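Enquirer: Mind looking over this structure? Questions follow.
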Amino acid sequence: MIKVFISHSSAQKDFAQQLVELLGRDRCIIDCYDFESAYKTLDEIYSAIEESTVVAFLATKDSLSSEWCMKEIDYAYSHLKADQKQRLWPFVIDEKVTLDDMPNWMVKDEAYNIKYFKSPKLLARDIEQKNRKIIWDKNPLIKDKETALVGRNEEINIFEEKILSSNYQNIRALFISGREGVGKASFAKKCMRKNGYPEELEPFKLSLGIKESIEDFIIALNLITETYNSQELEEIFKREPKEKSKVAVKILNNLYNNRSVLLVDDNMCMILPNRNIPDWLSDILTNEDLNPQLGLYVLSKITPTAYIETRIPQIVHISLKPLNRADRKKLFYKFAIMNDLSIPDREADFFVDRLLQSPEQIINSVMAIKKMGLTMAKHDIEELIKIGDSKIKPIIELFNDEEEERNLLIILSRFDFISFDVLEEIYEERYREILQVIKKMLFHGVANTFGPSDIFIRLDYSLSDYIRRNKFIIPKDLENHVTDVLEDRIASSNDITQDASVYMYNIKRRIIEGKNNNDNRLFLIPSIVIKSIMDLYNKMAYKDVIKVCENILRDSSRFYLDVKREIIYWLCLALCRLKDVDRFRSYINDIEGADKDFLRGFSYRNIDNYEEAEHFYKQALKKQPSMQRAKRELVTVMLAQRKYEEALEMAAYNFNHNPENTYHAHAYFRCLVKKKKIKNEDLQVLEEIMGIVQNSFSDKKEELFAAMEIEFHAYALRDSPSNILQLINKAQKKFPKSLNINRAAYEYKFKQEMIFKNQSFSEDFTF
């Protein structure tokens, strides 16, 4: 293990201790832990230096004038051989220090590239990079494992051509798009090396979330660089949009000045669902003050528009397709050789042919073989296939059997992201067990870590959203404990620079609960407000949605236009729900394109004008054919008009693209069951859909299943009226207020009016 001796003055004790926390206590030697002050002697220090792999000197005015520090450094320097000079690392952490203050031999020796570090996080990253190089020099196999990239020659050539073109000096960001697990991060690191960054460099990782904007980007960057304190950030967030982009540029430059690189998992934040980039990012990348280097690497599931590079020449985009079979097999054997595994070609084919998409799956299959042998690994192939699978239900089932795992999923879903510090406080003595569950989540790609030294974890948005919508709950005692921990955290420190996850949780909670809504600080970070609005809307608190939206819109000049439109969009949705047509009309003209047509359709749908609603939903789909919400709503209004045959194709499309969504399943069922001629294969599909709904996690699954059962017996099986009436009565007694059951019963009665002349529904049944 590499040991780092940290030489510092007592005045820099806090900085040094933060550094130790980031690097790991067992990897450092520092006087506050390793020496008793009363017994510290030069011999003990010299012995500790000799035991250390490297010596890190924290240069300040105090340490440079410290007799102890200078003796430590002189001893380390004098005992290093000529080829070991890189094992002594001087770092300036005092901005008042100049080269004239440094020892003459240190300034003259070319082995030392003396740089200034304000943040312990930036310094820790530099030390980790240097450590990595030492480890790789001693263990080339480790280097091979960590830098392996098979295939992608075509994409690498495209990258090289683009950066070597005439506009190379303009390039500030590389956007890499592709499906989950296709190897975007590995490819990004390969591009970094092609662009001249050292192989051992590990970029800072950021994870932004859907709906997040420049404020969130600034917060994430500031956690690394520590450029601003909490009060300064709040003042920055009050500024005009262009001024915020200048702040982001300043922080990025601070990062770049330390030869750092930023790797961002964008989660539809930097490449939006409409395939464009947000204005705030464009302002940052086109700012002339931004350091002229390719320092930003963005990983996205969405492919940007074809003209993005033309419109913004500071951007290079490369799309990654799944590895072909030949490259998958090369990767499989590369990792097998690295792990001293001899695998017959036939057995290799077994894995390569089944693990079709993800390099991660290939690597994990080799590790599974090494751990459990070929036979067991083959037996577990289905588990490996699940890695990278985008379906939500199988993922949840992986964690649903164990209560501890299920509870952790639910807790993580409550936060946009959460720090490991908070999790440790929640779980206390069970924290080590929880870390094993988190490893499992990372293994299956349902969560990712980010931030300086990966201090935060974020659950996949689709999974998190699914859990919240389906109202998963944790035991009451655990719920109370989590609340108590968070309340204590908020009471002791609600500083955005200390733990951004707690800070944002508190703001969101206060907005949703309507606490102190006259406090303008609640509305400084629009992404939190938008997510709060979405939560209120999903709870059907439409009046509260309107109140929050109108509150934040009073001072919308500090937001980018896309943020303002997002807020107005949710305001319009809530006004539609309340049938407030006049106020809806006063806001709708602030919305453009397909969104405007969708909202008009939604307005008509909520006043039961289904014909006009259908017209506008179709207009929206002409402008944006991929708009899922318009497809969903179009099926709804066509069903309301009993246009079952017309709605069938789109309902099938919605279901096939998201079969876990009980809404899509039920809509498709209603269309299919009303076909004039139901074939045997239709019956099979109908039964399959009923099974999906019955086994879903939806809190409405029993109600939906009961309604579907009525229609299945009525139209697919053509059961006797008496049996169907029994099903209706049974369902109505269990769910007396169910619109779905009432509608199924009404439609059946409508079609069978003559049959029901001498029969009646239960007295409790009403239409």
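Enquirer: What pairs come out if I take residues in the range 533-544 that are among the charged types (D, E, K, R) and pair them with residues that are modelled with pLDDT of 90 or more whose C-beta lies under 6 Å away, six or more apart or interchain?
Expert: So the pair list comes out as 544/536.
Enquirer: For the range 311-322, how many residues meet the condition of being in contact (Cβ under 8 Å) with a residue 60 or more places away in the chain and farther than 17 Å from residue 159 by Cβ?
Expert: Counting residues in the range 311-322 that are in contact (Cβ under 8 Å) with a residue 60 or more places away in the chain and farther than 17 Å from residue 159 by Cβ gives 1.
Enquirer: Can you work out which of the residues in the range 93-108 that are touching a strand residue (DSSP E or B) at 6+ places or on another chain (Cβ under 9 Å) and under 21 Å from residue 71 (Cβ atoms) is surrounded by the fewest Cβ atoms within 10 Å (Cβ to Cβ)?
Expert: 101
Enquirer: If you don't mind, another one. Looking at the range 649-670, can you tell me whether even one residue there is more than 20 Å from residue 545 (Cβ to Cβ), in a helix (DSSP H, G or I), more than 30 Å from the chain's Cα centre (by Cα) and not assigned by TED's automatic domain parsing to the domain that holds residue 687?
Expert: yes
Enquirer: Cβ-Cβ below 7 Å, separation at least six or inter-chain, first residue in the range 677-705 and crowded, with 17+ Cβ neighbours inside 10 Å, second at pLDDT 90 or above and aromatic (Phe, Trp, Tyr): which pairs?
Expert: 686/669; 686/712; 689/668; 689/669; 690/705; 690/712; 693/705; 703/735
Enquirer: So, in the range 463-484, exactly how many residues are part of a helix (DSSP H, G or I) and either buried (at least 17 other Cβ atoms within 10 Å of the Cβ) or of a type in the set (A, V, I, L, M) (or both)?
Expert: Summing the residues that are part of a helix (DSSP H, G or I) and either buried (at least 17 other Cβ atoms within 10 Å of the Cβ) or of a type in the set (A, V, I, L, M) (or both) in the range 463-484 gives 6.
Enquirer: OK, next. Go through (1) within 14 Å of residue 610 (Cα to Cα); (2) surrounded by 19 or more Cβ atoms within 10 Å (Cβ to Cβ) for residue 665 and report which single condition fails.
Expert: For residue 665, the exception is condition (1).
Enquirer: Would a scan of the range 429-450 turn up a residue that is assigned to a helix (DSSP H, G or I), crowded, with 20+ Cβ neighbours inside 10 Å and of a type in the set (Phe, Trp, Tyr)?
Expert: Scanning the range 429-450, I find no residue that is assigned to a helix (DSSP H, G or I), crowded, with 20+ Cβ neighbours inside 10 Å and of a type in the set (Phe, Trp, Tyr), so the answer is no.
Enquirer: Can you pull out every residue in the range 228-269 that is in a loop (DSSP other than H, G, I, E, B) and more than 26 Å from residue 299 (Cβ to Cβ)?
Expert: Step one: of the range 228-269, the residues in a loop (DSSP other than H, G, I, E, B) are 228-229, 237-240, 257-261, 266-269.
Listed by number, the residues that qualify are 228, 229, 237, 238, 239, 240.
Enquirer: Looking only at the range 685-699, how many residues end up being of a type in the set (D, E, K, R) and under 23 Å from residue 398 (Cβ atoms)?
Expert: 2
Enquirer: Do you know which of the residues in the range 485-514 that are part of a helix (DSSP H, G or I) and among the β-branched types (Val, Ile, Thr) is modelled with the highest pLDDT?
Expert: Checking each candidate, the answer is 485.
The values are calculated or read from the model by the stated rules, or taken from the named source; none is laboratory data. All values reported here derive from a predicted model rather than from experimental measurement. Heads up, the Cβs are rebuilt from the backbone with ideal geometry, glycines too, and the neighbour counts pull from every protein chain shown.
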